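S.K.: Right, I'll just put the structure down here and ask away after.
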Amino acid sequence: MAKSDATARDLLEVTMLLMRRLGARMRQGEKRIEPAHIGILMRLNLGSCSVSELAAHQVVRLPTMSKSIGLLVARGWVQRSVPEDNRRQTMVDLTPEGRRVLDKMHRRAQRHVTEILSSLTAAERKRVQGGLEILIHALDVGDSLADKGM
C-alpha cells in the first residue's frame, strides 16, 4: 500500500504542477481565462446545461456561478436561454466564439505540454506514454463502474 500512496502523491503533485503552469499561461494576455472558466467552457462543450447544474459541476454556490456566467456572456463565449417548458430555469450554451476560444486554449495547452515533453529522451517519453495509457484505462473503468452505481 505504501507504493500506491507514493504513486498517488506523485501523480497529484504532477497534476498540480501542470495545472499551475497551464493556468499561468491561460491568465496571460488581454482576454485571460481563469481556471474556473475553463471548467465551465469544457462542461458546456459537452452540451447545454442549467446554471444550477454548472454550479454543482464546479462545486460552487449559485451566485458565484451566475457571476461567472455573466462574465462569459459579456465576452460572447456563452449564451443564456430560458426554455419554454420551464421558465424558472436558465440554460447556458457555448457560443461559436466560445467554442473557438476553447479550441484555441486546448491547442495552446497541448503545445505547452509538448514543449515540456520535448526535454525528455525518446525512452522517457515512451515510459510516460505507457503510464498515461494505464491511468486512462483505470479512470475509464472507474467511470464505467460509477455510471453503473457500483
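The values are calculated or read from the model by the stated rules, or taken from the named source; none is laboratory data. Since the model is a prediction, treat every value here as computed from it, not as a measurement. Cβ sites come from the backbone with ideal geometry, for glycine too, and all protein chains shown count toward neighbours.
S.K.: Being at pLDDT below 90 and of a type outside the set (Val, Ile, Thr) is true for just one of 97, 34. Which residue is that?
M.R.: It is 34.
S.K.: Here is a list of conditions, (1) outside any helix (DSSP H, G or I); (2) over 16 Å from the mean Cα position of the chain (by Cα), and residue 132 meets all of them except one; can you say which number that is?
M.R.: So the condition that residue 132 fails would be (1).
S.K.: Another question, if that's okay. Answer with yes or no whether residue 79 is modelled with pLDDT of 95 or more and outside any loop (DSSP other than H, G, I, E, B). Break it down stepwise before answering.
M.R.: Working: modelled with pLDDT of 95 or more: yes; outside any loop (DSSP other than H, G, I, E, B): yes.
When the stated conditions are applied, residue 79 passes them.
S.K.: What is the one condition in (1) surrounded by 11 or more Cβ atoms within 10 Å (Cβ to Cβ); (2) out of contact with any strand residue (DSSP E or B) (no Cβ under 8 Å at 6 or more places or on another chain); (3) under 23 Å from residue 107 (Cα atoms) that residue 65 does not satisfy?
M.R.: Failed condition: (3).
S.K.: A follow-up question, please. Could you grab the pairs with beta carbons closer than 6 Å, sequence gap of 6+ or different chains, first residue in region 86-108 and assigned to a helix (DSSP H, G or I), second one among the polar types (S, T, N, Q)?
M.R.: That search, which allows pairs on different chains as well, returns 102/45.
S.K.: Next up: Out of all the residues in region 64-79, which are without any contact (Cβ under 8 Å) to a residue 24 or more places away in the chain and more than 14 Å from residue 36 (Cα to Cα)?
M.R.: 73, 74, 76, 79
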